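In what follows, a single structure is set out as structure tokens and then discussed.
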Amino acid sequence: ETVIYRIFYHINRSGNGRLTLRELKRGSLVAAMQHADEEEDINKVLRLVSRYFSYEHFYVIYCKFWELDTDHDFFIDRENLIRYGNHALTYRIVDRIFSQAPRKFTSEVEGKMGYEDFVYFMLSEEDKSSQPSLEYWFKCIDLDGNGVLTPNEMQFFYEEQLHRMECMAQEPVLFEDILCQIIDMITPEREYCITPQDLKRCKLSGNVFNILFNLNKFVAFESRDPFLIRQEREEPTLTEWDRFAHREYIRLSMEEDVEDASNGSAEVWDESLEAP
């Protein structure tokens, strides 16, 4: 299911759940399948293949979903999602996601997203440089749905970011300064009116969304973490998603190893207690 959702996320641009021949030809799925067919070890890092078929990526997505789905009913509500990424997202953007502005939920359960909905969210959240992600978040910020992001719409989301900075005793950055930074970054054709085309032309456009509703990534962007900069230089072909998934897979694997070791120790300890 995860593989299918990822295929449709990247290729089905119309979002109607049906792949056309044209979409199939324009996408990289056929080439990825050929790579997968030729490569004996599917776990080898082949970027084209891992975009759809990586077990590592699946493991990260599923574990994240399972962590948030505290009652394990296979649905996530607003309060579950607000915990994503160590409470990185604002309530306002989470409300927009649950209003189904960027994408209609497939869960059919009022006020809850299912696993497919979560896959679309997570892929969009962790790699805001991809075209599907830009479209996803653009629809969230475009409150009136007119295809243009205005200063008023951006300010609506940034207000909560500003409040969070003040609560965390961080030096707040006024919206007027942020707006200038965004305009300089995107350089839209029409001043103070940002379109999807403007965003797709700019390599840094994903940072606009982090500024507006993800405080953790906004702070990381402002501070320009030397570790992340070095990673980008050493592996320029990897996407933000590739780097994130690799880091998370290592973390989750280490946690699982510790848990297994703890369970093993407990078994040995119990046996020693029972020994005469």
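The values are calculated or read from the model by the stated rules, or taken from the named source; none is laboratory data. Model, not experiment: these values are computed from the prediction. Virtual Cβ from ideal backbone geometry, glycine too; neighbours counted across all protein chains shown. For the accessible areas, the whole protein counts, side chains as well, though only heavy atoms, and no ligand, DNA or RNA atoms are used. Shrake-Rupley method; radii C 1.70, N 1.55, O 1.52, S 1.80 Å.
Tabulated data for the structure shown
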quantity: Candidate set: region 77-91, residues that are open to solvent by less than 80 Å² (accessible area, probe 1.4 Å) and part of a helix (DSSP H, G or I); chosen: the one farthest from N214 (Cα to Cα); calculated: N80
quantity: Residue list for region 102-129, restricted to those being within 26 Å of P236 (Cβ to Cβ) and either in a helix (DSSP H, G or I) or open to solvent by 20 Å² or more (accessible area, probe 1.4 Å) (or both); calculated: M122, L123, S124, E125, E126, S129
quantity: Residue that is most open to solvent (accessible area, probe 1.4 Å), among those in region 130-141 that are in contact (Cβ under 8 Å) with a residue 40 or more places away in the chain and over 14 Å from N214 (Cβ atoms); calculated: Q131
quantity: Those residues of region 57-111 which are of a type in the set (A, V, I, L, M), closer than 25 Å to E153 by Cα and either in contact (Cβ under 8 Å) with a residue 24 or more places away in the chain or out of contact with any helix residue (DSSP H, G or I) (no Cβ under 9 Å at 6 or more places or on another chain) (or both), in sequence order; calculated: L81, A88, L89, I93, I97, A101
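One line per residue, one yes/no per condition, for (1) open to solvent by 50 Å² or more (accessible area, probe 1.4 Å); (2) over 16 Å from the mean Cα position of the chain (by Cα):
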| position | (1), (2) |
| --- | --- |
| E1 | yes, yes |
| Y9 | no, no |
| S28 | no, yes |
| A31 | no, yes |
| A36 | no, yes |
| Y55 | yes, yes |
| V60 | no, no |
| E67 | yes, no |
| T70 | yes, yes |
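Yes/no per residue for (1) in contact with a Lys or Arg (Cβ under 8 Å, 6 or more places away or on another chain); (2) touching a residue at least 40 places away in the same chain (Cβ under 8 Å); (3) in a loop (DSSP other than H, G, I, E, B); (4) on the phi > 0 side of the Ramachandran plot:
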site: L204; (1), (2), (3), (4): no, no, yes, no
site: V219; (1), (2), (3), (4): no, yes, no, no
site: R230; (1), (2), (3), (4): no, no, no, no
site: R233; (1), (2), (3), (4): no, no, no, no
site: P236; (1), (2), (3), (4): no, no, yes, no
site: R243; (1), (2), (3), (4): no, no, no, no
